[in-house]
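The values are calculated or read from the model by the stated rules, or taken from the named source; none is laboratory data. Everything numeric in this text was worked out from a predicted model, so none of it was measured. Ideal geometry is used to build each Cβ from the backbone, glycine not excepted, and the neighbour counts take in all protein chains shown.
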Amino acid sequence: MEDREKVEGEETIEDEELVEEEESVEDEELNEEELLSRLEDELAEKEEELAKKEEEIKDLTDSLLRLRADFANYKRRIEKEKESTIAYALEGLMSDLLPILDNFERAMDSAEEKGGFYEGVNMIYEQLLEVLSNNGLQEIECVGKPFDPNLHHAVFTEESEEEEGTVLEAVQKGYLLKDKVIRPSMVKVAK
């Protein structure tokens, strides 16, 4: 009887072990499913984070490119302004010197004697013109050329054999500084 009880006890133990193993396998299956579900959720989250980070990188890259372009444009604009400032820095001084040039010419035109004093004044005048032309000042040539309202200021019109609109005489010389008109020529134009 003891043997029977022993066998029955062993069967019970074996049955319990089988039940435990089945439960363990079921738990493992549940755990694997749970684990797989969790891993899939984590993967989806990581993919979402990655997409956000990629979008952020794209935005930052675009922003950097725009900043670079803005800086390059700013640099170009500053260079252009600097060149313009340098090119036309003397405009005020040149404009102030133009009446002095006019007075030199009038004085030389009215000189009765063309002796040594005249030659000395003429040399100073030529030297002044050279310095001014080296700094970008140039006279507007106008006599015999067609009237250009951008370069000339018509003060008289006169009947003439010349073609209509031709400049006959410069009443006052005009000047350009580099390519900018700082004083238009006052001219007499053919009718």
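Report, by residue number, each residue of the stretch 49-97 that is within 23 Å of SER133 (Cα to Cα) and without any contact (Cβ under 8 Å) to a residue 40 or more places away in the chain.
Across the stretch 49-97, the qualifying residues are LYS80, GLU81, LYS82, GLU83, SER84, THR85, ILE86, ALA89, GLY92, LEU93, ASP96, LEU97.
Tallying residues that are under 21 Å from VAL121 (Cβ atoms) and surrounded by 12 or more Cβ atoms within 10 Å (Cβ to Cβ) within the stretch 95-104 yields 5.
Inspect all residues belonging to the stretch 150-157 and state whether any of them is surrounded by 14 or more Cβ atoms within 10 Å (Cβ to Cβ), among the aliphatic types (A, V, I, L, M), part of a loop (DSSP other than H, G, I, E, B) and in the same structural domain as ARG183 (by TED's automatic domain parsing). Give the steps one after another, and end with the answer.
First, pick out the residues of the stretch 150-157 that are surrounded by 14 or more Cβ atoms within 10 Å (Cβ to Cβ): 151-154, 157.
Still in the list and also among the aliphatic types (A, V, I, L, M): 151, 154.
Narrowing the set further to residues that are part of a loop (DSSP other than H, G, I, E, B) leaves 151.
Of the ones still in play, those that are also in the same structural domain as ARG183 (by TED's automatic domain parsing) are 151.
Yes, that holds for at least one residue.
Report whether or not GLN127 is under 14 Å from LYS188 (Cβ atoms), surrounded by 10 or more Cβ atoms within 10 Å (Cβ to Cβ) and either among the aromatic types (Phe, Trp, Tyr) or within 42 Å of the chain's Cα centre (by Cα) (or both).
Values: under 14 Å from LYS188 (Cβ atoms): no; surrounded by 10 or more Cβ atoms within 10 Å (Cβ to Cβ): yes; either among the aromatic types (Phe, Trp, Tyr) or within 42 Å of the chain's Cα centre (by Cα) (or both): yes.
For GLN127, the condition - under 14 Å from LYS188 (Cβ atoms), surrounded by 10 or more Cβ atoms within 10 Å (Cβ to Cβ) and either among the aromatic types (Phe, Trp, Tyr) or within 42 Å of the chain's Cα centre (by Cα) (or both) - is not met.
Could you check the stretch 137-149 and list, in sequence order, the residues that are more than 12 Å from SER185 (Cβ to Cβ) and surrounded by 17 or more Cβ atoms within 10 Å (Cβ to Cβ)? Across the stretch 137-149, the qualifying residue is only LEU137.
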